[in-house]
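One structure is given here, and the rest of the page talks about it.
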């Protein structure tokens, strides 16, 4: 799995950070998502799928590899 972020779409809700804090963070100045791991380990992938599902702006895209 590869994770892609569309930063302009991000509304800084922080739901991704709650769901998968090992993979996502937020910028201090505006709360926009920061991708910490574009290729998360298998044990984190369920949490990443959850983060993508709860993102209110659909700024997280998951790509199968």
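Computed values, structure above
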| read-out | value |
| --- | --- |
| The chain: calculated mean residue ellipticity at 222 nm from DSSP helix runs of at least 4, using -39500 (n - 2.57) | -6000 deg cm²/dmol |
| Mean separation of Cα contacts under 8 Å, 6 or more apart, over the residue count of the chain: relative contact order % | 47 percent |
| Principal-axis tilt of helix 45-54 within the chain, Cα atoms, nearest 10 degrees | 40 degrees |
| Label-point gap, in nm, between residue 12 and residue 28 - each point 7 angstrom along Cα→Cβ | 1.4 nm |
| Residue among 34, 17, 48 with the largest mean-square fluctuation in a Gaussian network model of the chain, springs linking Cα atoms under 10 Å | 34 |
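None of the figures in this text is laboratory data; all of them are computed from the coordinates on show. Just so you know, these numbers come straight off a predicted model, no measurement behind them. Positions of Cβ are backbone-derived with ideal geometry, glycine not excepted, and every protein chain shown enters the neighbour counts.
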